[in-house]
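Asks: One structure is given below, represented as structure tokens, and several questions about it will come after.
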Amino acid sequence: MRKQIAAANWKMNLTYQKAEVLLKEFLSQPQNLSDNKLVVLAVPSPYLTMAVDKIAGEKHMYIAAQNVYSKKSGAYTGEVSVEMLQSIGVTYAIVGHSECREYFNEDNALLADKVKICLEHNIVPIFCCGEALPVREANGQNEYVTGQLQDSLFDLSEDQIKKVVIAYEPIWAIGTGKTASSLQAQEMHAHIRSQLTTKYGADVADSITILYGGSVKGANAKDIFGQPDVDGGLVGGASLNAEEFKQIVQGLK
Ligand code: PEP
């Protein structure tokens, strides 16, 4: 069975002290995790080391960066490299979040480079894709997401793509309180898997974890994650509340 993941994206929220409290609250109860049920916490860059230290000894829990740069090192002021992440024990990185695409003009070609450099350094990229509302209203979501996959992922080898986690995040559902229905999520996840099947074959496509993101909460997680092609979620707002996020983790199948 492919890995089921509850991933938290704290975005640019919380002071260091509040982040420590949130982590402590979250870690205060066992989560019933297993080799196939993982938690990944994408925390702000200045808190990565603290978070890695706090989860040391926790099984099936990993820390992610919220972004990473496409170059190995050099004069790129303000950026964070895969080598830096690797050197402090970070094992996942979000790549291509819609906020980074929108506010920092990250395009599909840059994201292809980011995915590749992550894989070269054993960082699992959580590659985000998803359409804006006008695209959905014009029923163009399948073509749009196919384009994102083709441009950023489909140069990867079979061995490489197997290590990528894909997160489908319809932009109209992120931070808006509007969730895609479980049927809408399943339809797109099945579409993504069919594209992966066409390109890499069914065995590879079936092994790839595809997360849903967009206003996931404790109350809707089980229903959405219960869909056959939905393998968990990438969670923003609701991951800032330990109890709510625990409930989301419990929704993993
Ligand atoms: C996200 O930031 O990836 C996200 C899905 O946010 P939210 O859960 O708040 O919609």
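The values are calculated or read from the model by the stated rules, or taken from the named source; none is laboratory data. All values derive from a computational prediction rather than experimental measurement. Every residue, glycine among them, receives a Cβ derived from its backbone with ideal geometry; neighbour counts consider all protein chains shown. These area figures cover heavy atoms from the full protein model, side chains too; ligands, DNA and RNA do not enter into them. Shrake-Rupley method; radii C 1.70, N 1.55, O 1.52, S 1.80 Å.
Asks: When the chain is modelled as a GNM with alpha-carbon springs shorter than 10 Å, which of PHE154, PHE127, PHE225 fluctuates the most?
Replies: Ranking PHE154, PHE127, PHE225 by mean-square fluctuation puts PHE154 first.
Asks: If you plug each phi of the stretch 57-67 into the Karplus form 6.51 cos²θ - 1.76 cosθ + 1.60 with θ = phi - 60°, what whole-Hz ³J(HN,Hα) values come out, in order, with x for Gly and Pro?
Replies: x, 7, 8, 6, 10, 9, 10, 10, 7, 7, 6
Asks: How high is the relative contact order of the chain, in percent, counting Cα pairs under 8 Å that sit 6 or more residues apart? Spell out each step's value before the answer.
Replies: Working: 498 pairs, mean separation 53.6, N = 253.
Taking the mean separation of contacting Cα pairs over the length of the chain, I get 21 percent.
Asks: Hey, can you find the accessible area per residue of the stretch 4-250 for me, probe 1.4 Å, expressed in square angstrom?
Replies: Heavy-atom accessible area per residue stands at 44 Å².
Asks: Here's something else I'd like to know. Can you find, among LEU211, LEU41, GLY140, the residue sitting farthest towards the positive end of the charge dipole of the chain, where Lys and Arg contribute +1 and Asp and Glu -1 at Cβ?
Replies: Of the listed residues, the answer is LEU41.
Asks: Run the accessible area of the stretch 4-250 with a 1.4 Å probe and give the carbon-and-sulfur part as a rounded percent.
Replies: Here carbon and sulfur together make up 49 percent of the probe-accessible area.
Asks: Evaluate the distance, in nm, between pseudo-label points positioned 7 Å from the Cα of LYS162 and of ALA109 along their respective Cα→Cβ axes.
Replies: Modelled inter-label distance: 3.1 nm.
Asks: Hey, can you list the DSSP H helices of the chain whose Cα span along the axis is 20 Å or longer and whose average Kyte-Doolittle score is at least -1.0?
Replies: Membrane-span-like by this criterion, though nothing is claimed about a membrane: 182-200.
Asks: Continuing with this model, one more query. Answer rounded, prolate or oblate for the stretch 29-84, using the Cα gyration tensor with square roots of eigenvalues a ≥ b ≥ c: rounded when a/c is under 1.5, else prolate when a/b is larger than b/c, else oblate.
Replies: Prolate, because a/c is 1.5 or more and a/b exceeds b/c.
Asks: What per residue convex hull volume, in Å³, do the alpha-carbon atoms of the stretch 135-253 yield?
Replies: Residue-normalised Cα hull volume stands at 100 Å³.
Asks: Dipole magnitude of the chain about its Cα centre, charges +1 at Lys/Arg Cβ and -1 at Asp/Glu Cβ only, in debye to the nearest 20?
Replies: Charge dipole of the chain: 560 debye, to the nearest 20.
Asks: Add -39500 (n - 2.57) for each DSSP H run of 4 or more in the chain, then divide by its residues: what number comes out at 222 nm, to the nearest 500 deg cm²/dmol?
Replies: That calculation yields -12000 deg cm²/dmol at 222 nm.
Asks: Over the chain, one equal point on each Cα, no solvent: what is log10 I(q)/I(0) by the Debye formula at q = 0.09, 0.15 Å⁻¹?
Replies: Here log10 of I(q) over I(0) equals -0.35, -1.04.
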